[in-house]
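Only one structure is covered here, and it is reproduced in the block below.
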Amino acid sequence: MTIRPAEAADRSALQALAAEALPSWPPDAFAPADARQTLVAELPPHGLVGFAVVQFALDEAELQALAVAAGFRRQGLGAALTDAAFACARRRRARVMFLEVRAGNHAAQALYRGLGFEAYGRRPRYYHHPEEDAVLMRTGLDAPLPKI
Ligand SMILES: CC(C)(COP(=O)(O)OP(=O)(O)OC[C@H]1O[C@@H](n2cnc3c(N)ncnc32)[C@H](O)[C@@H]1OP(=O)(O)O)[C@@H](O)C(=O)NCCC(=O)NCCS
């Protein structure tokens, strides 16, 4: 398995993967942008089996999306993609990474907690279809964060 930055040629495979694994993620959000990095997990002979999207602003990073194809979960790919997102954020001098996750998405929250994220707040009814709160999580990239 290889984790690498997405290339233009990955676009249709990424859109197909997102449609299956994370349908709320808009297809145009894979467009290249200076302040955003898409990482892909490639597993021969299956092709792309996961992706992570990280957005950067000054010394902050946001993990905007993370998904692994249904048949390839619980094999460490989600954790490996998040680790790669951390490395990418550190290279860009980010000191903290934030994310939002559905309150009912216990799989993702377990993964994030295991990698050092802590919940620091909640946005009521943030998501739609179905309506659900967002749990706000964050982790320090070079040192533990002070308590809020
Ligand atoms: C969340 C997601 C990315 C996890 O990917 P994954 O490759 O299965 O995760 P990993 O195999 O790296 O799991 C690492 C750890 O996270 C936790 N975890 C992952 N899936 C879990 C689940 N279904 N239930 C409980 N814990 C889970 C476990 O602690 C796991 O370690 P373990 O397998 O040794 O117990 C994947 O389930 C997914 O794509 N879901 C749909 C999209 C989504 O919800 N994305 C996140 C919101 S943006």
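Values quoted throughout were computed directly from the atomic coordinates according to the rules given, and no laboratory measurement underlies them. These numbers come from a predicted model, not from an experiment. Cβ coordinates were reconstructed from backbone atoms using ideal geometry, including for glycine residues, and neighbour counts include every protein chain displayed.
Brief remarks on what is shown
- Qualifying residue in region 111-128 (condition: on the phi < 0 side of the Ramachandran plot, in a helix (DSSP H, G or I) and surrounded by fewer than 17 Cβ atoms within 10 Å (Cβ to Cβ)): yes
- Screening the candidates Phe56, Phe72 for the property of being touching a His at 6+ places or on another chain (Cβ under 8 Å), touching a residue at least 24 places away in the same chain (Cβ under 8 Å) and surrounded by fewer than 20 Cβ atoms within 10 Å (Cβ to Cβ) yields one hit, Phe72.
- Ala85 being part of a helix (DSSP H, G or I) and exposed (fewer than 15 other Cβ atoms within 10 Å of the Cβ): no
- Residue count, region 75-89 (criterion: in contact (Cβ under 8 Å) with a residue 60 or more places away in the chain and near the ligand (Cβ under 8 Å from one of its atoms)): 3
- Any strands (runs of 3 or more DSSP E) falling wholly within region 1-71 and containing at least 1 residues that are in contact with a Ser or Thr (Cβ under 6 Å, 6 or more places away or on another chain): 36-43, 47-57
- In region 114-128, the residues that are touching a residue at least 12 places away in the same chain (Cβ under 8 Å) and not aromatic (Phe, Trp, Tyr): Gly114, Leu115, Gly116, Glu118, Ala119, Gly121, Arg122, Arg123
- Annotation: of all residues in region 90-110 being part of a loop (DSSP other than H, G, I, E, B) and away from the ligand (no atom under 14 Å from the Cβ), the one that is surrounded by the most Cβ atoms within 10 Å (Cβ to Cβ) is Ala94.
- Within region 17-61, restricting attention to residues that are at negative phi, small (Gly, Ala, Ser) and more than 14 Å from the ligand (Cβ to nearest atom), the residue that is nearest to the chain's Cα centre (by Cα) is Ala61.
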